[in-house]
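Notes for the one structure printed next.
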Amino acid sequence: MVIIVNGETKEVEDSIAVADLIISLGLKPERLAVEVNRAIIRRAAWSSALLAEGDRVEIVNFVGGGEIVMPQL
C-alpha cells in the first residue's frame, strides 16, 4: 500500500503498525514524535496503530536545545 511519510510517497506492507514503520525506516524511536492524519500517536500505541492506504504520517526527531528536526528517510 502507499502512504505519505514526511511528504514523500512510500510503499509499505498492508496494515503496517507505526512501530514497524519506524523500524523499517531505520529510525531510532527514543526521540521521535509521530502524527498520522494530523493526530499525535502516543508511543504506547505505536504497536497497535495500524496505517491504511493514503495515510499521511509526519515523523519528527527532537534534538537537544529544543530544536525539532525532520529525520532523513
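The numbers here are math on the coordinates, done by the rules we state, and not lab data. As the structure is a prediction and not an experimental result, all values here were calculated from the model. Neighbour counts run over all protein chains shown; Cβ positions are idealised from the backbone, glycine included.
Tell me, in nm to one decimal, what length is gained between V2 and A39 on full extension, where the rule is 0.36 nm per residue of separation less the Cα-Cα distance?
11.4 nm
Going highest first, how would you order 35-47, 15-27 by mean Cβ packing within 10 Å?
Values: 35-47: 12.4, 15-27: 16.3.
Going by the mean number of other Cβ atoms within 10 Å, highest first, we get 15-27, 35-47.
Assuming a ≥ b ≥ c are the square roots of the Cα gyration tensor eigenvalues, decide whether the stretch 19-61 counts as rounded (a/c under 1.5), prolate (otherwise, with a/b larger than b/c) or oblate.
Rounded, because the longest to shortest axis ratio a/c is under 1.5.
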